[in-house]
Amino acid sequence: MSEIILSIETSCDETSVAVVVDGREVLSNIIASQVDVHQVFGGVVPEIASREHLGHISFVVDQALTAARLSLSDITAVAVTHGPGLVGSLLVGLCYAKGVAYGRRLPLFGVHHLEGHLYANFLLPTPPTFPLVCLVVSGGHTDIIYMERHGHFRLLGRTRDDAAGEAFDKIARVLNLPYPGGPHLERLAATGAPTIPFPRARLEMGSLDFSFSGLKSAVLNHIHNSQQRGEELSPAVVAASFQAAVIEVLVEKLIEAALTTGVRNLCLAGGVSANRALRSAMAEGAGENNLRLFLPDLGLCTDNAAMIGAAAYYRLRSGATADFHLNAHAVLPLTSWAVDNGDNSS
Ligand code: KG4
Ligand code: ZN
């Protein structure tokens, strides 16, 4: 029997609901974005975000079911992001998911947001095989995760300060680009040459950690100094040079992670993995080192519920259900849930 999972993602400013069959087939993936509402504030306002989720969740669930040509009675399990994220926002999705699971006597699955991002790779026509290393680059995280099988996560490296997406958003802001800055900065960068030698933080030998705060300060100093000297500044050149500095380190560390662990499969995940310059630089690096690179569809890089439904399927296969004590967490470590049943198939 097929598992038809209704999945809900409300960790930040997107109300998203999907219907995913057997962790592979996305029947619908509705994303109601709040970008317009938060744009005037230059960032997400948590209180407004949770109210917006509350106003949209029922409608988005209906839309997801309609688009999948199904009704609630066809659903066999419910999945929801329970952290990390904005607690008020997470609670809206969580309460709705619990309500559906309780009302229809369905199993409930709590999915870690980063686990969801990672599992966007398993929605590819040819999913990755294990072992793999995945670079999760989002607004709040820059992590390198090693997986030897489903539900088994080992953190190899992480940012010690800003996340890559956060750095994109902050630099975009000083360049007067709209929120969220990442995609706008990417477009601007495509029109300039990366000629400013901004610093690359390499940290100590052998570390797979990242640091972007020094780069961020260097870019801010460059902008302020140019303004003080009355020099004409090319925002496109600044954007291209900043982006090149971020990408160089991301590519270098993921390849190093693969080479030191002896893994041949590389994955990208999270909002920043929608960046085309990053995707092509990573593809080039993978090719040069004879590694296989998996890139989620562009629409599945940023927050969406399909990735949550994909991740939940593998929890379901192992019986890693949640109970009704499942809570929302602003901070939530990515812990392994795999039971050692030798299931390392994709
Ligand atoms: O994964 P995501 O949608 O939400 C979080 O979990 O944080 O990632 C959002 C982040 C934002 O910082 C956004 O600016 C960045 O991903 N982002 C990009 C691009 N698209 C989204 N950064 C660089 N280039 C892009 N094309
Ligand atoms: Zn995300």
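The values are calculated or read from the model by the stated rules, or taken from the named source; none is laboratory data. Fair warning: this is a prediction, and the values are worked out from it, not measured in the lab. Using ideal geometry, Cβ is built from the backbone for each residue, glycine included, and neighbour counts are taken over all protein chains shown. Just the protein is used for accessible areas: all its heavy atoms, side chains included, with ligands, DNA and RNA removed. Shrake-Rupley method; radii C 1.70, N 1.55, O 1.52, S 1.80 Å.
Out of the residues in the range 241-294 that are of a type in the set (S, T, N, Q) and in a helix (DSSP H, G or I), state the one that is farthest from ligand 1 (Cβ to nearest atom). Full working, then the answer.
Quick first cut of the range 241-294, residues of a type in the set (S, T, N, Q) only: 241, 243, 260-261, 265, 273, 275, 280, 289-290.
Then drop every residue that is not in a helix (DSSP H, G or I), which leaves 241, 243, 260-261, 273, 280.
On the way: Ser241: 15, Gln243: 8, Thr260: 26, Thr261: 24, Ser273: 8, Ser280: 12 Å.
Filtering first and then ranking leaves Thr260.
Of the residues that sit in the range 169-181 and are within 16 Å of the chain's Cα centre (by Cα) and open to solvent by 10 Å² or more (accessible area, probe 1.4 Å), which one is nearest to ligand 2 (Cβ to nearest atom)?
Within the range 169-181, the match that is nearest to ligand 2 (Cβ to nearest atom) is Pro180.
Going by the structure shown, is Val61 within 14 Å of Val17 (Cβ to Cβ) and not assigned by TED's automatic domain parsing to the domain that holds Glu166?
So Val61 passes the test.
Hey, can you tell me all the residues within the range 84-129 that are of a type in the set (A, V, I, L, M) and open to solvent by 40 Å² or more (accessible area, probe 1.4 Å)?
Leu86, Val87, Leu91
Name the pairs whose Cβ atoms lie under 7 Å apart, with the first residue in the range 84-103 and at pLDDT 95 or above, the second aromatic (Phe, Trp, Tyr), and 6 or more positions between them or separate chains?
Lys98/Phe324; Tyr102/Phe324
Mind listing whichever residues of the range 5-41 are away from ligand 1 (no atom under 12 Å from the Cβ), open to solvent by less than 30 Å² (accessible area, probe 1.4 Å) and in a strand (DSSP E or B)?
Within the range 5-41, Ile5, Leu6, Ser7, Ile8, Thr15, Val17, Ala18, Val19, Val20, Val21, Ser28, Ala32 meet the criteria.
Scan (1) more than 16 Å from ligand 1 (Cβ to nearest atom); (2) in contact with a strand residue (DSSP E or B) (Cβ under 6 Å, 6 or more places away or on another chain) for the single condition Arg200 breaks and write down its number.
If we test Arg200 against (1) more than 16 Å from ligand 1 (Cβ to nearest atom); (2) in contact with a strand residue (DSSP E or B) (Cβ under 6 Å, 6 or more places away or on another chain), just (2) comes out false.
Quick one: how many residues across the range 206-215 are more than 15 Å from Pro194 (Cβ to Cβ), open to solvent by less than 50 Å² (accessible area, probe 1.4 Å) and out of contact with any Asp or Glu (no Cβ under 6 Å at 6 or more places or on another chain)?
So the count comes out to 5.
Working carefully through the options Arg292, Arg229, Arg264, find the one that is in contact (Cβ under 8 Å) with a residue 60 or more places away in the chain and open to solvent by 50 Å² or more (accessible area, probe 1.4 Å).
Details: Arg229 fails: in contact (Cβ under 8 Å) with a residue 60 or more places away in the chain; Arg264 fails: in contact (Cβ under 8 Å) with a residue 60 or more places away in the chain.
Going through Arg292, Arg229, Arg264 in turn, the sole match is Arg292.
Answer yes or no as to whether His184 is more than 16 Å from ligand 2 (Cβ to nearest atom), modelled with pLDDT of 95 or more and surrounded by 17 or more Cβ atoms within 10 Å (Cβ to Cβ).
Here the answer is yes, as His184 does meet what is asked.
Lys98 is checked against (1) away from ligand 1 (no atom under 13 Å from the Cβ); (2) over 18 Å from Phe294 (Cβ atoms); (3) in a loop (DSSP other than H, G, I, E, B) and fails just one. What number does that condition carry?
(3)
Exactly one of (1) open to solvent by 10 Å² or more (accessible area, probe 1.4 Å); (2) under 25 Å from Tyr313 (Cα atoms); (3) more than 16 Å from ligand 1 (Cβ to nearest atom) is unmet by Arg160. Its number?
Of (1) open to solvent by 10 Å² or more (accessible area, probe 1.4 Å); (2) under 25 Å from Tyr313 (Cα atoms); (3) more than 16 Å from ligand 1 (Cβ to nearest atom), only one is false for Arg160: (2).
With (1) within 23 Å of Asp169 (Cα to Cα); (2) out of contact with any strand residue (DSSP E or B) (no Cβ under 7 Å at 6 or more places or on another chain); (3) open to solvent by 10 Å² or more (accessible area, probe 1.4 Å); (4) not polar (S, T, N, Q) as the list, and Asp303 as the residue in question, which single condition is left unmet?
(2)
Could you say which residue among Arg173, Arg187, Arg158 is in contact (Cβ under 8 Å) with a residue 60 or more places away in the chain and not polar (S, T, N, Q)? Don't jump to the end; show me each part of the working.
Values: Arg187 fails: in contact (Cβ under 8 Å) with a residue 60 or more places away in the chain; Arg158 fails: in contact (Cβ under 8 Å) with a residue 60 or more places away in the chain.
Answer to the check: Arg173.
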